[in-house]
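Q: Encoded as structure tokens, here's the structure I'll be asking about.
The values are calculated or read from the model by the stated rules, or taken from the named source; none is laboratory data. If you're wondering where the values come from, they're calculated on a predicted model, not measured in any experiment. Neighbour counts run over all protein chains shown; Cβ positions are idealised from the backbone, glycine included.
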Amino acid sequence: MSEVMSSLRPLGWSDQLETEFEPLRADGLAPARVVAQYRGAYVVHGAGGEAWAEISGRLRHEATTPADFPAVGDWVGVRLRPEGDGAVVHSVLPRRTVFSRKTPWTETVEQVVAANVDVAFLVTTLTDELSTRRLERYLTTAWESGAEPVIVLNKADLCADPLPFVAEVEAVAIAVPVVVTSAETGAGVEELRAWLPPGRTGALLGSSGVGKSSLVNQLVGEERQLTREIRSDGVRGRHTTTHRELVPLPDGGLLLDTPGMRELQLWEADDGFDATFQDVAALAADCRFTDCAHETEPGCAVQEAIAEGTLAGERLQSYRKLQSELAHLERRLDKRLRAEERKKWRTFARSRRKTAW
């Protein structure tokens, strides 16, 4: 094993990445991983340590969407500036996993939240603010990303009896591990740590104030991330993380802390949707009609399950809502693609006319 490859192993470097990087190495680039992202700048970690980095003009020009730019967790090809004056990112290696969402508001654009993550820790709280409907969104996105989802129910120190909350979550998180933690007391932290052996990457994902940064501090063993006091009612913490950062853990492994998301609009997530609602899909397979809308049709296995109390009506409502949201997104993406193709053809036609003149 080369010295460079050995030094990158703790960051998750693998034999497969080494093979994929060979053409870039032949072009004089060096491998590095994006460990932090700020507005207009990155921090990358390579064989020689950390360095500030910016995107090359060519990479910026060739990017067709924001998702083509580097994200925290990405492996990139960089060229170091002379005299240690930072680095320039020239290439982004193919992502093994990618946690994406649609950008907020009306724009139909993919935003990469985390790349090359092995475990997606979906963090919420053991309080009345726990929302299984929100968890279904996170689960859909996590399954689609290719990472392994783990649900983290934090703030156990504020909950007298976590079992009802655990049962509520397990009803919608089929076959997904659920870990009860307290960033205040350290309960459950070692169980999280077990998911992150050397070279493995996890990401903490969730809404603002659920205690992600406090969990990072517990896992690191020091006040690595800035935190603020919770509200006087002891329920919601205040938003603290302002950028994405990949944090090394003392015993190996890496943990990506992300800013809290006020909303998580779905990006393309067909497989993730099927994995999240596999219970509804299994029931639908037993409906009398293959095109059953699960409303008033005779022989609807889904409605029968709701009547018998084995499926919650809210679960079906959530299924329909997310299914409709994904269908709407698909229509908007098709419309955008058609518009982009028309724009390309108009540009091509104008260039041909200029050539003819």
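Q: Within the bounds of the stretch 270-278, is there any residue that is part of a loop (DSSP other than H, G, I, E, B) and at pLDDT 95 or above?
A: For the stretch 270-278, residues part of a loop (DSSP other than H, G, I, E, B) and at pLDDT 95 or above: present.
Q: Hey, another quick one. Considering the stretch 222-250 alone, what residues qualify as being modelled with pLDDT of 85 or more and part of a loop (DSSP other than H, G, I, E, B)?
A: Listed by number, the residues that qualify are Leu249, Pro250.
Q: Take Val210 and tell me if it is assigned by TED's automatic domain parsing to the domain that holds Ala114, over 26 Å from Leu311 (Cβ atoms), part of a loop (DSSP other than H, G, I, E, B) and not small (Gly, Ala, Ser).
A: Answer is yes for this residue.
Q: Determine the pairs where a residue that is within 14 Å of Val72 (Cβ to Cβ), located within the stretch 38-62, has a partner that is among the acidic types (Asp, Glu) and surrounded by fewer than 19 Cβ atoms within 10 Å (Cβ to Cβ) with Cβ atoms under 6 Å apart, the partner being 6 or more residues away or on another chain.
A: So the pair list comes out as Val43/Glu50.
Q: Would it be correct to say that Ala114 is surrounded by 19 or more Cβ atoms within 10 Å (Cβ to Cβ), closer than 26 Å to Leu8 by Cα and touching a residue at least 24 places away in the same chain (Cβ under 8 Å)?
A: Yes; evaluated as a whole, the condition is true for this residue.
Q: Pairs under 9 Å by beta carbon, first residue without any contact (Cβ under 8 Å) to a residue 24 or more places away in the chain in the stretch 310-328, partner surrounded by 13 or more Cβ atoms within 10 Å (Cβ to Cβ) and in a helix (DSSP H, G or I), six or more apart or different chains?
A: Thr310/Leu283; Thr310/Glu304; Gly313/Ile306; Gln317/Arg133; Lys321/Arg133
Q: List every residue pair whose Cβ atoms lie under 6 Å apart, where the two residues are 6 or more positions apart in sequence or sit on different chains, the first residue falls within the stretch 257-280 and is farther than 17 Å from Glu148 by Cβ, and the second residue, located anywhere, is of a type in the set (Gly, Ala, Ser) and part of a loop (DSSP other than H, G, I, E, B).
A: Filtered contacts from the stretch 257-280: Gly260/Ser207; Gly260/Ser208.
Q: Of everything in the stretch 127-155 that's surrounded by 20 or more Cβ atoms within 10 Å (Cβ to Cβ) and of a type in the set (A, V, I, L, M), which residue is farthest from Ala67 (Cα to Cα)?
A: My answer is Leu153.
Q: Given the structure, is Glu295 without any contact (Cβ under 8 Å) to a residue 24 or more places away in the chain, among the acidic types (Asp, Glu) and assigned to a loop (DSSP other than H, G, I, E, B)?
A: Here the answer is yes, as Glu295 does meet what is asked.
Q: Mind checking whether some residue in the stretch 123-137 is farther than 27 Å from Thr103 by Cα and in contact with a strand residue (DSSP E or B) (Cβ under 9 Å, 6 or more places away or on another chain)?
A: yes
Q: Here's a follow-up. Answer yes or no as to whether Ala173 is among the aliphatic types (A, V, I, L, M), farther than 26 Å from Tyr319 by Cα, part of a loop (DSSP other than H, G, I, E, B) and assigned by TED's automatic domain parsing to the domain that holds Tyr138.
A: no
Q: Could you check how many residues of the stretch 271-300 are touching a helix residue (DSSP H, G or I) at 6+ places or on another chain (Cβ under 7 Å), within 17 Å of Leu322 (Cα to Cα) and among the acidic types (Asp, Glu)?
A: Of the residues in that region, 2 qualify.
Q: Of the numbered conditions (1) more than 29 Å from Val109 (Cβ to Cβ); (2) of a type in the set (A, V, I, L, M, F, W, C); (3) at pLDDT below 85, Ala282 fails exactly one; give the number of that condition.
A: That leaves (3) as the condition not met.
Q: Limited to the stretch 124-140, what total is found for residues that are at pLDDT 95 or above and part of a loop (DSSP other than H, G, I, E, B)?
A: 0
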